[in-house]
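**Q** Here it is: the structure, laid out below.
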Amino acid sequence: METSAVVLPESPRHQRIAAPLHTVLLLAAQAALLFLGRVRSHAVNPAEAPNHIALYGRTMVVEWLLFAFVVVGVWRAGAPLETVLGKRWSSLRQFLKELGIAVLFLMASIMLESIVSGHAHGGDHNATVQAMLPHGATDLALWIALSLTAGICEEAIYRGYLQRQFMALTQSVPAGIVFSAVLFGAAHAYQGLQQALQIGLLGVMGGILAHWWGSVRPGMMAHTLQDVLGGLVKH
């Protein structure tokens, strides 16, 4: 008596971590924020001092809302939250190891930015970027809080969530890294084309780091440190 083996379809190598509709809604929200950012950047008057408390506060609220939306979507899909939150530190040694990786990555990204900026024309000191920089102790304290917010939320959204979703959609690691980095750069288009390109390139580096290490936490720390230093240096 012959028996025929049942051939089961192979499961995709990269599994999505949230429903497709959830990703579409997130991208729609990002597109709306990008449009508003472009409108506000054109309205910047270099002669007027911006209200940094309102600016930083509004930005932090928006980023944490997007972060919460992502976490809820991943949780509802039954995917591990450590994908977007990073693996928990089980020891001080593990934390220091990831901090060391973050510092090395930060040094590499600063070197890359210096090379790219040195070969670019026009510089990145446009009115929008200058208007966002802190002035005074209160601004600086809020800037540090903003940097921490950006480091956690943006890495979770772009490297933890979107990168994994695009990998699942394309079944390709390079495509997932590049697509999420393009969106990361586009989200900063209000800072000008040169800055957006540089940030997109840093997004590729961050995506490679997150995929190689299997956690977004070193990227979160490097992102936070880079933003803090940017405000301190130009303060």
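**Q** So for segment 222-230 (the condition being touching a Gly at 6+ places or on another chain (Cβ under 8 Å), free of Cβ contacts under 8 Å to residues at least 40 places away in the same chain and not small (Gly, Ala, Ser)), does at least one residue qualify?
**A** no
**Q** OK, next. With (1) surrounded by fewer than 17 Cβ atoms within 10 Å (Cβ to Cβ); (2) not in a loop (DSSP other than H, G, I, E, B) as the list, and VAL71 as the residue in question, which single condition is left unmet?
**A** (1)
**Q** Still on this model: Does segment 52-98 hold any residues that are under 18 Å from the mean Cα position of the chain (by Cα), closer than 21 Å to LEU225 by Cβ and not polar (S, T, N, Q), and which are they?
**A** Hits for segment 52-98 are TYR56, MET60, GLU63, TRP64, PHE67, VAL84, LEU85, GLY86, LYS87, GLU98.
**Q** Output the residues belonging to segment 108-126 that are at pLDDT 65 or above, surrounded by 12 or more Cβ atoms within 10 Å (Cβ to Cβ) and hydrophobic (A, V, I, L, M, F, W, C).
**A** ALA108, ILE110, LEU112, VAL116
**Q** Then there is this: Looking at (1) modelled with pLDDT of 95 or more; (2) out of contact with any Gly (no Cβ under 7 Å at 6 or more places or on another chain), which one does GLU48 not meet, given that it meets all the others?
**A** The single condition GLU48 does not satisfy is (1).
**Q** Any idea how many residues of segment 76-93 are surrounded by fewer than 14 Cβ atoms within 10 Å (Cβ to Cβ) and assigned to a helix (DSSP H, G or I)?
**A** Number satisfying all stated conditions: 3.
**Q** Do we have GLY100 as part of a helix (DSSP H, G or I), at pLDDT below 85 and surrounded by fewer than 17 Cβ atoms within 10 Å (Cβ to Cβ) here?
**A** Against the criterion (part of a helix (DSSP H, G or I), at pLDDT below 85 and surrounded by fewer than 17 Cβ atoms within 10 Å (Cβ to Cβ)), GLY100 does not qualify.
**Q** Report, by residue number, each residue of segment 213-235 that is farther than 16 Å from LEU85 by Cα and assigned to a helix (DSSP H, G or I).
**A** Matches in segment 213-235: LEU225, GLN226, ASP227, VAL228, LEU229, GLY230, GLY231, LEU232, VAL233.
**Q** Right, next: Consider only pairs whose beta carbons are under 8 Å apart and that are at least six residues apart or on different chains; among these, list those whose first residue lies in segment 66-84 and is free of Cβ contacts under 8 Å to residues at least 12 places away in the same chain and whose second residue is surrounded by fewer than 21 Cβ atoms within 10 Å (Cβ to Cβ) and in a helix (DSSP H, G or I).
**A** From residues that are free of Cβ contacts under 8 Å to residues at least 12 places away in the same chain, the pairs are LEU81/VAL71; LEU81/TRP75.
**Q** Give the residues of segment 151-196 that are crowded, with 22+ Cβ neighbours inside 10 Å and either at positive phi or of a type in the set (Phe, Trp, Tyr) (or both), sorted by residue number.
**A** Of everything in segment 151-196, those that are crowded, with 22+ Cβ neighbours inside 10 Å and either at positive phi or of a type in the set (Phe, Trp, Tyr) (or both) turn out to be TYR158, TYR161, PHE166, PHE184, TYR190.
**Q** Which ones in segment 197-217 are under 18 Å from SER117 (Cβ atoms) and either among the hydrophobic types (A, V, I, L, M, F, W, C) or surrounded by fewer than 24 Cβ atoms within 10 Å (Cβ to Cβ) (or both)?
**A** The answer is LEU197, GLN198, ILE199, GLY200, LEU201, LEU202, VAL204, MET205.
**Q** Among the residues in segment 162-175, are any within 11 Å of the chain's Cα centre (by Cα) and over 21 Å from VAL116 (Cα atoms)?
**A** Yes, there is a match, as at least one residue in segment 162-175 is within 11 Å of the chain's Cα centre (by Cα) and over 21 Å from VAL116 (Cα atoms).
The values are calculated or read from the model by the stated rules, or taken from the named source; none is laboratory data. Small disclaimer: the values here were computed from a predicted structure and weren't measured. When we count neighbours, we look across all protein chains shown, and the Cβ atoms used for this are built from the backbone with ideal geometry, even at glycine.
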